[in-house]
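Beneath this line is the structure, given in structure tokens, with notes to follow.
A short reminder: the numbers here are calculations on the coordinates, not readings from a lab. These numbers come from a predicted model, not from an experiment. Because the Cβ atoms are built from the backbone with ideal geometry, glycine has one as well, and the counts that use them run over all protein chains shown.
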Amino acid sequence: MPAFPRPDIGFVPTPADAITAMLKLASLTPADVVYDLGCGDGRLLIRAAADYGVSGVGVDVDKTLLERAQTEAEQAGLGDRLRFRQGNLFEVDLYGATVVFIYLLPHLNLRLRSSLQTQLRPGSRIVSHMFDMGDWVPQTRLRLEPSEEDSVLYLWRIADQTAPEASGAVDGLHSAT
């Protein structure tokens, strides 16, 4: 069994209002395959599967949180659509993902940026809670108001070289300036 590194960040649950907004911002459909990198107890991925019918993969280094996530997914009847894997999120193969969720620190987002940009197909979306990715300008930056924790969300869409970028507007959500 491989040795897993200590987490680069402690488990901080994503607030419920941010989860709702992140899922909406990602424009999820049942055809999406969602990856949650640093998934913790899986709450975001479980909600995405329950509310939007997606399938997905959660990755974390914390075995106890992953066991809790798998149990919750199975109890919700979603065990056939969700997998939770122990692993290093910087070594995850992202080629199958259409949406990636992250709630990591800025330096960790920057470490992931190259993998996200090179492995995700055009049209794939990345949604980050609280932290940007340096000079990679998001399609949408959204401050939740009111918010449980003054949440800021970021959306990037992997560009199709043949199509212009889409507008950042999402029904019921407003971009911050």
Env charge @ Leu144, Cβ radius under 10 Å, K,R +1 / D,E -1, value -4
Please say if region 56-98 is rounded, prolate or oblate, where rounded means a/c under 1.5 for a ≥ b ≥ c the square roots of the C-alpha gyration tensor eigenvalues, and otherwise the choice is prolate for a/b larger than b/c and oblate otherwise? oblate
Kindly state, to the nearest 0.05, the FRET efficiency for Lys63 paired with Asp135, given R0 = 22 Å and r defined as their beta-carbon distance. 0.05
Karplus ³J(HN,Hα) for region 38-53 (6.51 cos²θ - 1.76 cosθ + 1.60, θ = phi - 60°; Hz, whole; x = Gly/Pro) runs x, 6, x, 8, x, 4, 5, 5, 4, 5, 4, 5, 5, 8, 10, x
Would you pull out the residues with amide H under 5 Å of Arg83's amide H, same chain only if 5 or more places away, H placed 1.01 Å from N? Gly56, Val57, Gly58
Tally Lys and Arg at +1 and Asp and Glu at -1 over the other residues with C-beta under 13 Å from the C-beta of Glu74: what net charge comes out? 0
For region 76-86, in residue order, the Karplus 3J(HN,Hα) values (coefficients 6.51, -1.76, 1.60; θ = phi - 60°; whole Hz; Gly and Pro = x) are 7, x, 10, x, 7, 10, 10, 10, 10, 10, 7
Rounded to whole Hz and in sequence order, give me ³J(HN,Hα) for region 146-154 from the Karplus expression 6.51 cos²θ - 1.76 cosθ + 1.60, θ = phi - 60°, writing x for Gly and Pro. x, 8, 4, 9, 6, 5, 10, 10, 10
From the Cα gyration tensor of region 16-157, with a ≥ b ≥ c the square roots of its eigenvalues, which class applies: rounded if a/c is under 1.5, or else prolate if a/b is larger than b/c, or else oblate? rounded
Applying the gyration tensor rule to the Cα atoms of region 15-54 (axes a ≥ b ≥ c; rounded if a/c under 1.5, else prolate if a/b exceeds b/c, else oblate), the class is oblate
